[in-house]
Amino acid sequence: MSAGSVAAGEQKQSEGHRARAERGEGPPRRTVEGGGGATIVAWDLGGDGPPLLILHATGFHGRCYAPLAAELGRSFHCWALDQRGHGSSDPSPDGDYAWRHFAADVRAAVDQLALGGERPFVFGHSLGGAVAIMAEEAHPETFAGLFAWEPIVLIPGTHQPQIRNNRLADLSRRRRTRFESKAAAVVHYAGKAPFSRFRADTVLAYVEGGFAELGDGSVELRCAPSTEADVYEGAPRSGAFEHLARVAAPATLACGQRDPAVGPAHLEILASGIERARVEPYAGLSHFGPFEDPARVSA
């Protein structure tokens, strides 16, 4: 295939994405067969360039990152997974949310999406950052490059009470699951931390992909509170820290500097175990930096 035909194909694809957006339709979707027969949804968020896979944080979903993908689309063709139990993907068939299953689903996506025969780049946020690292540990050189924003990779012997004491899991179990409409959900989240610090279009994207419409017009959260809690509780058992030396892709480990869940000192320890890794802190951003300032993070 000539360079001209590739460019023409990319232009046609970009025009298709713009037309869908103008009609108020969601992005194109593909499905992947994950472990245990779970159907995993991959959203084609468009863009021009080599493939880049976006992996979301616990309790979120792939379409939350559409504003980030719009920025990254100048350099990459972006795909975003809904990890099992999140967004439009199936729940884990056996109810097991051990993090190794997420990593296996990512590998299945890389194999089944047939991303032009190229190794993709990967952007992972929180859970997604840890899963990107774990997928690379299991199959070195899965990725051409890895960018992890505050990956939840626990270091044995360190004190991280928020994660180890499962405070986040307890909060998740008390989450509100239903609203009168998507508009009501947007209003609710926009006025509540941490969403109140998100760029407005990321809140809209969260609600649009994260809630299912019911017959009476109300909407229900797709990611069950019990699922979100189970995922949080899996963090101490991921085993990711023990295998960092297997990461072959060049890696950037990034974090916010405003109340980070995983700060620069923690990331320096992780980076010391990876052959080609650097740490990149962002002043003024938090653990949710990719939602707060997608343009700056994408740069």
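Cα gyration tensor of the stretch 250-299, axes a ≥ b ≥ c as square roots of the eigenvalues: rounded (a/c below 1.5), prolate (a/b > b/c) or oblate? Kindly include the intermediate steps, with their values, before the conclusion.
Numbers: a/c = 3.01, a/b = 1.56, b/c = 1.93.
Since a/c reaches 1.5 but b/c is at least a/b, the shape of the stretch 250-299 is classed as oblate.
Name the residue farthest towards the positive end of the dipole of the chain from the options 284, 56, 244, assuming +1 on Cβ of Lys and Arg, -1 on Cβ of Asp and Glu, about the Cα centre.
284
Once neighbouring chains are kept in place and the probe is 1.4 Å, which whole percent of the accessible area of the stretch 215-282 is contributed by carbon and sulfur? Before the final figure, lay out each step's value.
Details: 1430 of 3160 Å².
Using a 1.4 Å probe with all protein chains present, the stretch 215-282 comes out at 45 percent carbon and sulfur.
Counting Lys +1, Arg +1, Asp -1, Glu -1, what net charge surrounds residue 271 among other residues with beta carbon under 12 Å of its beta carbon?
-1
So how far apart, in nm, are the two label points at residue 272 and residue 171 if each is 7 Å from Cα heading toward Cβ?
Output for this residue pair reads 3.0 nm.
Take the Cα gyration tensor of the chain, multiply each eigenvalue by 5, square-root it, and list the three semi-axes largest first, rounded to whole angstrom.
26, 25, 19
Assuming a ≥ b ≥ c are the square roots of the Cα gyration tensor eigenvalues, decide whether the stretch 28-125 counts as rounded (a/c under 1.5), prolate (otherwise, with a/b larger than b/c) or oblate.
Prolate shape, in that a/c is at least 1.5 and a/b is the bigger ratio.
Ignoring ligands, DNA and RNA, how do 279, 187, 262 rank by accessible area with a 1.4 Å probe, largest first?
Values: 279 35, 187 110, 262 0 Å².
The ranking, largest first, comes out as 187, 279, 262.
The values are calculated or read from the model by the stated rules, or taken from the named source; none is laboratory data. A quick note: this is a predicted structure, and the numbers were derived from the prediction, not measured. Cβ coordinates were reconstructed from backbone atoms using ideal geometry, including for glycine residues, and neighbour counts include every protein chain displayed. Just the protein is used for accessible areas: all its heavy atoms, side chains included, with ligands, DNA and RNA removed. Shrake-Rupley method; radii C 1.70, N 1.55, O 1.52, S 1.80 Å.
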